[in-house]
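Contents: one structure, followed by commentary.
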Amino acid sequence: MDLSALTIFTSPVILFFVLGMIAAAARSDLAIPEPFAKAMSIYLMIAIGLKGGVAVAKSGIGIEIATAIVAGACLSFLIPFYVAAILRRVGKLEAVNAGAVAAHYGSVSVVTFVTAGEILALQAMPIPGYMVAVLAVMETPAILSGLLLARRGLSGDARSADSGDERGELVREVFLNASVVLLIGSFLIGIIAGPGGFSEVQPVFDTGFKGVLCLFLLDMGLLAARRLRESRSLTWRLAFLAIAFPLVNGTLGTVIGVTLGFDPGSAAALGILCASASYIAVPAAMRMALPQADPGIYLAMSLSITFPFNILFGIGLIAWLARVLTGG
Amino acid sequence: MDLSALTIFTSPVILFFVLGMIAAAARSDLAIPEPFAKAMSIYLMIAIGLKGGVAVAKSGIGIEIATAIVAGACLSFLIPFYVAAILRRVGKLEAVNAGAVAAHYGSVSVVTFVTAGEILALQAMPIPGYMVAVLAVMETPAILSGLLLARRGLSGDARSADSGDERGELVREVFLNASVVLLIGSFLIGIIAGPGGFSEVQPVFDTGFKGVLCLFLLDMGLLAARRLRESRSLTWRLAFLAIAFPLVNGTLGTVIGVTLGFDPGSAAALGILCASASYIAVPAAMRMALPQADPGIYLAMSLSITFPFNILFGIGLIAWLARVLTGG
Amino acid sequence: MDLSALTIFTSPVILFFVLGMIAAAARSDLAIPEPFAKAMSIYLMIAIGLKGGVAVAKSGIGIEIATAIVAGACLSFLIPFYVAAILRRVGKLEAVNAGAVAAHYGSVSVVTFVTAGEILALQAMPIPGYMVAVLAVMETPAILSGLLLARRGLSGDARSADSGDERGELVREVFLNASVVLLIGSFLIGIIAGPGGFSEVQPVFDTGFKGVLCLFLLDMGLLAARRLRESRSLTWRLAFLAIAFPLVNGTLGTVIGVTLGFDPGSAAALGILCASASYIAVPAAMRMALPQADPGIYLAMSLSITFPFNILFGIGLIAWLARVLTGG
Amino acid sequence: MVETVIRKRIEILADTAQVRRVTSAIDSAGITGWTILPVSAGKGRDGLWHEEHVTSTDKSLVLTVASQDRAAALAAALAPLLSSHGLLLTMWDVEVIRGDRF
Amino acid sequence: MVETVIRKRIEILADTAQVRRVTSAIDSAGITGWTILPVSAGKGRDGLWHEEHVTSTDKSLVLTVASQDRAAALAAALAPLLSSHGLLLTMWDVEVIRGDRF
Amino acid sequence: MVETVIRKRIEILADTAQVRRVTSAIDSAGITGWTILPVSAGKGRDGLWHEEHVTSTDKSLVLTVASQDRAAALAAALAPLLSSHGLLLTMWDVEVIRGDRF
Ligand SMILES: Nc1ncnc2c1ncn2[C@@H]1O[C@H](COP(=O)(O)O)[C@@H](O)[C@H]1O
Ligand SMILES: Nc1ncnc2c1ncn2[C@@H]1O[C@H](COP(=O)(O)O)[C@@H](O)[C@H]1O
Ligand SMILES: Nc1ncnc2c1ncn2[C@@H]1O[C@H](COP(=O)(O)O)[C@@H](O)[C@H]1O
Ligand code: NA
Ligand code: NA
Ligand code: NA
């Protein structure tokens, strides 16, 4: 692990993330313009979707895809239940915030997945293209379980207040949120267009990918560290859990992947998906469907602690575990 | 036409447009940040201008350029007159809105032209570089005729209210609007810089072109479908005309192109320019010079109906017509 | 110089700058979206930092780097003193504005440096990578001297009003302003990642560089000319000084570079750094630390006069001087 | 002198994700229109926030002009949400021209 | 206590393309300044709109502070445009410090 | 009818680089919160300006709601900066719901 771990810390992608964190910690006025950051997140989802789709167009669809998708969906739906219980007992959160935070940990972080893809490729454990479908499928179930868990904490009033109109909006937000639409949409476009069609747009969506990822991680480093600095709601207990969850969930996912007979790259990818916590799709859904929850808690945990932990250590650890477990 | 028509529907460029329309129709919250969308439109105009200029620098200027430019300018100026008459009689619009809408149909859509360029290239009917000059020249005359037609509908007060200052601003908006400046400016830069100078910027303005076009069409699909969904002013009569105009104007332009002895690519391009309706340059001019007109009408027609129709069917039909008429 | 000077005026980079100036002078409504322009400036600083760092990783660090850095820092700190004196006597400015303007001329313009890099490369006088470190180092000292000079003009009240908190903010703004963090941060990343790590991000930060520079210079042309048109505070005396300073400082820097035994490219680069006036980093610092100064003066001089002068003539003159002085 | 009439101007700060809820309430109160302004940062009992579109951390200001009656109806409709949904509502009298529009 | 004086604050919502017309009217009324705020969406009699820069679908809010007289002159100058150009004008009294500036 | 109370609404236009100074003053006056709105252009005695982030030419509008006392304290604290730092301050009475928050 030594050599490959070193490679991580000389990769521009990681170094820009560290630069962002240092700049924000030192209170530099550096900031990436908001609309540009948003555009980069859209670009990254499209690029990852397209590349996954094209890979599937090449490799064809096999039974392992179905297995992986079902496993991912179940993990995404189930993880929030145990996470919420621990958040209430150990983290001392009430039901609403526990449910909201749990949704983040059941769901996934696209950028963690993407960064893992870069790092695993350097370590000769490439993530197969169909894992993008698993990524897309894992976004949503956790939102449902998180909302189920959180609603227990709402007064009857607040629960029944939703008009039919609002319920429609909620369903749209959960199933048609921008991340899901972009990932699944461009995955399908990748399948339809295939390697031939993809080649025309490859310079933008493939060749340019790592450079944009650097800029995006610079911004995420800035946002993560600034939020940590300004956070009021984050306790030491919660900070501890924000490191414990990725370790436990990452191990869980990797072990299940290996048990199901996945190749090392896929097992590590499933582990990383479980370990990662959403900070794009789930916050969007929570703002809409659960305005009572405190974003100061769920974003400080997922973006400011779990995300950097995964980028800097989690991915490396899970890759190592997958290699060991598959005897690689 | 069968095979090439199929190619259209597996091109990522078209598929992203369809994805945008579906997402907006399903009320997903997906949205491209405004400043980024605007930046992409600027990029596309510069790229198309540069490439046209470089092509002309290579090929030299011939008599066919002059012919094409004169034909385009005349068509742009004249089309609004018949279009406005039909809009008043069939579309039941009063003079102000009829003039405003007519200006859009006389003028051109840069993105339709660009998409046609991609599709015609796939069909071995490349559009020659000088057609970019025709594109640039066709932006403006229709604005003049549209304003002439619309002003008949304004009270004497509103017509004479313009101070000298405002007239100056109006002239600037019509002749120096951003689209015209970008297209003509970068066309000239392309001619001056030539293939040698262009090669340094080719990675951004040529290699990256189709990828950016995908992202831009995703956004246009979103805007077009959302506007259609929320439109109040669009009647069935107007929707019908928004499909009839491109068919009639496209045929007109193609036939004139063939009559003037253009090659199939140029004839198709002239047809597509006539068929297309502006939704960038002309709305900008109307907001300034004709605030009394209802953007809910002109944008719903040009952006939400004519534009998707042309992208999905119009370009293919006109290409087929040009091939048939030139015996290709 | 004839042939190479001609090359300048057929380079797309320069032509887009001219297009921007013409468009703004003609009052076109063309405008680059603000967040996108800001993103481009961030991109340019990262790209230049990375490339410099990678070059240093390849070439190793020598004594000439240390010499160049010390020379640059001294020039940046000292130039404002003479500039401010002349601004007060010849330019008729009071102390506050004289100090603020002087800070701009002591500091440097990243985009002038970058454009010079493109032009000198065409003339076979490439700027060595380590000059990026000199660029980064020259940003800050001038801010300090400018503030020292300006504070003499403030009432005792205004001077002592700063709380400890505000002094901390001021120090951060001066030493950790976004430009400095980006340049030094990505310079270090370039050194750590080296040519190997850089190759993954090269398509974005190297191949795409000139294209983005074109778009950015288009915007700078627009901003420079619009500001000139709308300026109220710019007198003929100040306009004259805004051309005299780059000539004098450019000669000074080049001569010192040659005296210190620099190669022609490095000597020209030091000259250009001295000749250039900041319009990104220093205005940011002045807005924070010296709100009493009039941006209408310092930006009109640095952005609207000195910057275009340097881009169109200054770089060429200094390159010629460096060639002559080094006997090239 | 142009004739003016007095109407209420109401401004509601809300999470952008909650804006549709606010505008529905405006529509339900029978008010003819509303306008949304972007907001870039703020501080309240819940601490500091800065506009971050990636994490959906953004608020908007909804502005509406209405008759006294409709304004009161709107305030009443939104009152229960103020705390739980973190809304901030202020209202005051303004003069408008052609008050029949509101 | 700082001394304050009463001035009129006027806010005019207009198509961004029409803003120059509004600011010219402010200048003509002899008012010393104005400030423009971006607007992101709205609804009125003409239906919904969302900021779209590509299609020039965007509005701005022009804010100006003036003496009662000049404010009245401005309102009178803009009144004829309100309907045809889709402007929305509200005005009210505010306290300002150093009122001689306005 | 919802019960409302009267509070002061204060809006301060400032260079974005000076906003932290303004919000510190708000915090120091014991006011519970503030909200920042973007601004895109303006004109004053110093002439025209347009938002340009590259050159740090941008302003922001800081909005805060406070009790009469605290508002007066804030106005007094900012008064000396108004001219030298180019601030524009307006304040007026507004109705708020759950006034104990302010
Ligand atoms: N009652 C209102 N309150 C706030 N904004 C309004 C109101 N009515 C109209 N507007 C705004 O003014 C624009 C034009 O209104 P209208 O001319 O009625 O379509 C709308 O799109 C809204 O942004
Ligand atoms: N009367 C006014 N109404 C609205 N905004 C103003 C007014 N006067 C000045 N401003 C704004 O305050 C800024 C600074 O004003 P000044 O210090 O007079 O240059 C201007 O650029 C405008 O954005
Ligand atoms: N007194 C105030 N004045 C202006 N804005 C406020 C005030 N209090 C709260 N806000 C805004 O309302 C948001 C939510 O407030 P809170 O619910 O107290 O956290 C804050 O983040 C601010 O943007
Ligand atoms: Na997870
Ligand atoms: Na047309
Ligand atoms: Na300098």
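The values are calculated or read from the model by the stated rules, or taken from the named source; none is laboratory data. Predicted model, so just to flag it, every value in this text is computed and none were measured. As a convention, Cβ positions derive from the backbone with ideal geometry for all residues, glycine included, and neighbour counts pool all protein chains shown. Heads up: the accessible areas ignore ligands, DNA and RNA and are worked out on the full protein's heavy atoms, side chains in. Shrake-Rupley method; radii C 1.70, N 1.55, O 1.52, S 1.80 Å.
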Given the conditions (1) touching a residue at least 24 places away in the same chain (Cβ under 8 Å); (2) not in a loop (DSSP other than H, G, I, E, B), report the number of the one that D:Gly86 does not fulfil.
(2)
Whether any residue in the stretch E:57-71 is within 15 Å of F:Gly42 (Cα to Cα), assigned to a loop (DSSP other than H, G, I, E, B), more than 16 Å from ligand 1 (Cβ to nearest atom) and within 13 Å of the chain's Cα centre (by Cα) is what I want to check.
no
Residue count, the stretch F:25-47 (criterion: more than 10 Å from chain D (Cβ to nearest Cβ), farther than 21 Å from D:Ser60 by Cβ and hydrophobic (A, V, I, L, M, F, W, C)):
2
Hits in the stretch C:275-303 - residues which are more than 12 Å from chain F (Cβ to nearest Cβ) and farther than 17 Å from C:Ser233 by Cβ
C:Ala275, C:Ser276
Does any residue in the stretch D:31-51 that is at pLDDT 95 or above come within less than 6 Å, Cβ to Cβ, of a residue that is among the basic types (Lys, Arg) six or more places away or on a different chain, and which pairs are these?
D:Ile31/D:Arg70; D:Gly33/E:Lys43; D:Trp34/E:Lys43; D:Val39/D:Lys59
Taking the condition surrounded by 18 or more Cβ atoms within 10 Å (Cβ to Cβ), more than 10 Å from chain B (Cβ to nearest Cβ) and without any contact (Cβ under 8 Å) to a residue 60 or more places away in the chain, does E:Ala76 pass?
no
If you check E:Leu89 against the conditions, is it within 16 Å of ligand 2 (Cβ to nearest atom) and hydrophobic (A, V, I, L, M, F, W, C)?
yes
The stretch A:26-52, residues that are hydroxyl-bearing (Ser, Thr, Tyr) and either within 13 Å of chain C (Cβ to nearest Cβ) or touching a strand residue (DSSP E or B) at 6+ places or on another chain (Cβ under 6 Å) (or both)
A:Ser28, A:Tyr43
Among the numbered criteria (1) part of a strand (DSSP E or B); (2) under 23 Å from F:Leu82 (Cβ atoms), which one does E:Met1 miss?
(1)
Being within 29 Å of A:Ser186 (Cβ to Cβ) and touching a Phe, Trp or Tyr at 6+ places or on another chain (Cβ under 8 Å) narrows it down to one residue among A:Gly146, A:Gly129, A:Gly106, A:Gly117; which is it?
A:Gly106
Step by step: first the residues of the stretch B:74-111, then only those that are in contact (Cβ under 8 Å) with a residue 60 or more places away in the chain and small (Gly, Ala, Ser), then the one that is nearest to B:Tyr43 (Cα to Cα). Which residue is that?
B:Ser109
Out of curiosity, is E:Val2 over 30 Å from B:Leu217 (Cα atoms), away from chain B (no Cβ under 14 Å) and modelled with pLDDT of 95 or more?
no
Would it be correct to say that E:Asp15 is of a type in the set (Asp, Glu), in contact with a Lys or Arg (Cβ under 8 Å, 6 or more places away or on another chain) and open to solvent by less than 50 Å² (accessible area, probe 1.4 Å)?
yes
Output the residue which, of all residues in the stretch B:58-73 that are touching a residue at least 40 places away in the same chain (Cβ under 8 Å) and among the hydrophobic types (A, V, I, L, M, F, W, C), is surrounded by the most Cβ atoms within 10 Å (Cβ to Cβ).
B:Ala68
Just to check your reading of the model, which residue among A:Phe81, A:Phe9, A:Phe16 is within 26 Å of A:Asp294 (Cα to Cα) and either surrounded by fewer than 24 Cβ atoms within 10 Å (Cβ to Cβ) or within 14 Å of another protein chain (Cβ to nearest Cβ) (or both)?
A:Phe81
Tell me the residue from E:Arg20, E:Arg98, E:Arg45 that is under 20 Å from F:Glu51 (Cα atoms) and surrounded by fewer than 19 Cβ atoms within 10 Å (Cβ to Cβ), please.
E:Arg20
Of A:Arg227, A:Arg237, the only residue that is buried (at least 23 other Cβ atoms within 10 Å of the Cβ) and basic (Lys, Arg) is A:Arg227
Of A:Thr306, A:Thr254, the only residue that is surrounded by 20 or more Cβ atoms within 10 Å (Cβ to Cβ), over 30 Å from B:Leu30 (Cα atoms) and either within 14 Å of chain D (Cβ to nearest Cβ) or at pLDDT 95 or above (or both) is A:Thr254
Conditions first: (1) open to solvent by 30 Å² or more (accessible area, probe 1.4 Å); (2) over 26 Å from A:Ala39 (Cβ atoms). D:Thr64 passes all but one, so which condition is the exception?
(1)
Flagged in the stretch D:23-42 as crowded, with 20+ Cβ neighbours inside 10 Å and within 16 Å of ligand 1 (Cβ to nearest atom), in numbering order, are D:Thr23, D:Ala25, D:Ile26, D:Ala29, D:Ile31, D:Gly33, D:Trp34, D:Thr35, D:Ile36, D:Leu37
Scanning the stretch F:48-67 residue by residue, those out of contact with any Phe, Trp or Tyr (no Cβ under 8 Å at 6 or more places or on another chain) and either within 11 Å of chain E (Cβ to nearest Cβ) or basic (Lys, Arg) (or both) turn out to be F:Leu48, F:Trp49, F:His50, F:Glu51, F:Ser60, F:Leu61
Across the stretch F:48-68, the tally of residues that are away from ligand 3 (no atom under 16 Å from the Cβ) and among the hydroxyl-bearing types (Ser, Thr, Tyr) stands at 3
Cβ contacts < 7 Å: first residue more than 7 Å from chain C (Cβ to nearest Cβ), restricted to the stretch B:186-206; second residue surrounded by fewer than 24 Cβ atoms within 10 Å (Cβ to Cβ) and charged (D, E, K, R), any location; separation 6+ or different chain. Result?
B:Gly190/B:Lys51; B:Pro195/B:Lys58; B:Asp206/B:Lys51
For F:Leu88: the one exception among (1) under 16 Å from F:Ala17 (Cα atoms); (2) more than 10 Å from chain E (Cβ to nearest Cβ)
(2)
Keeping to the stretch E:31-47, report how many residues are within 11 Å of ligand 2 (Cβ to nearest atom), out of contact with any Phe, Trp or Tyr (no Cβ under 9 Å at 6 or more places or on another chain) and more than 16 Å from E:Ala17 (Cα to Cα).
1
Within the stretch C:97-128, residues being open to solvent by less than 20 Å² (accessible area, probe 1.4 Å) and either on the phi > 0 side of the Ramachandran plot or more than 12 Å from the chain's Cα centre (by Cα) (or both) number 9
